[in-house]
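The values are calculated or read from the model by the stated rules, or taken from the named source; none is laboratory data. Not measured: the values here are computed from a predicted model. Note that each Cβ is placed from the backbone with ideal geometry, even for glycine, and that neighbours are counted across all protein chains shown. Note: areas computed on protein heavy atoms with side chains; ligands, DNA, RNA excluded. Shrake-Rupley method; radii C 1.70, N 1.55, O 1.52, S 1.80 Å.
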Amino acid sequence: MKHSIIDNFIDPIHFSSIRDTLTGETFFWFYNDFVNYRPCDAYRFTNEIIKNSNLTNHLFINYLYMVKPVLDKINHKKIHSVRCNLFTRTSHQEKYPITHHKKNTKIAILFANNSSGGIEIDNDFISSKENQLISFDSNTEYKIVSPTTDKIFTYVVVNYA
């Protein structure tokens, strides 16, 4: 399956909650320092809300409600993970390969802001555009591309079956 792109994926009111939360100052981000492997000079922050269809912590229930409009529109039988990620600006575009999704499932990435960052999939670069959803099979190789002109690049990634 080739990737598909859907602009204005969710209602703008619901999307504004996601955008404002992920790009605001109060979201509960975890810093990943890549002790064993540092893919690029960008700093990466993450927050995993769901892993293997279970809430990882009761503190994240409000974040789950925040992304519920996305989950409601994705045709799924099981959610393997819902993760929010943030990459910081780098002096030049750097690419970070993503390889940790369950095999033979699907991936949906919802961009939370407009940015010079984005993803590279099927040798195509797709720049981050807020409220745009990119979906594809988990067996498809893709890379996160760090932003160069904007401070941050944020997105929600859903791994589902």
**Among (1) more than 13 Å from the chain's Cα centre (by Cα); (2) of a type in the set (Asp, Glu); (3) open to solvent by less than 90 Å² (accessible area, probe 1.4 Å); (4) modelled with pLDDT under 90 - the single one GLU48 does not satisfy** = (1)
**Prompt:** What pairs can you find where one residue is in segment 1-20 and within 17 Å of LYS106 (Cβ to Cβ) and among the polar types (S, T, N, Q), the other is open to solvent by less than 30 Å² (accessible area, probe 1.4 Å) and assigned to a strand (DSSP E or B), and their Cβ atoms are less than 9 Å apart, with a gap of 6+ or different chains?
**Reply:** SER4/LEU133; SER4/ILE134; SER4/SER135; SER4/PHE136
**Item:** Test result for ILE121, more than 23 Å from PRO69 (Cα to Cα), open to solvent by less than 10 Å² (accessible area, probe 1.4 Å), at pLDDT below 95 and of a type in the set (A, V, I, L, M)
**Value:** yes
**Complete:** Of the residues in segment 125-145 that are in contact (Cβ under 8 Å) with a residue 40 or more places away in the chain and over 23 Å from PHE15 (Cβ atoms), the one that is least open to solvent (accessible area, probe 1.4 Å) is THR140
**Fill in**
Restricting attention to segment 96-114, the residues that are part of a loop (DSSP other than H, G, I, E, B) and open to solvent by 10 Å² or more (accessible area, probe 1.4 Å) number exactly 9
**Request:** Identify the residue in segment 1-45 that is at pLDDT 80 or above and touching a Lys or Arg at 6+ places or on another chain (Cβ under 8 Å) and, among all such residues, is farthest from LYS143 (Cα to Cα).
**Result:** ILE10
**Message:** Restricting to segment 139-161, give me the number of residues that are within 12 Å of LYS95 (Cβ to Cβ) and acidic (Asp, Glu).
**Reply:** 1
**Request:** Quickly run through segment 81-95 and pick out the residues that are in contact with a strand residue (DSSP E or B) (Cβ under 6 Å, 6 or more places away or on another chain) and open to solvent by less than 20 Å² (accessible area, probe 1.4 Å).
**Result:** SER81, VAL82, CYS84, ASN85, LEU86, PHE87
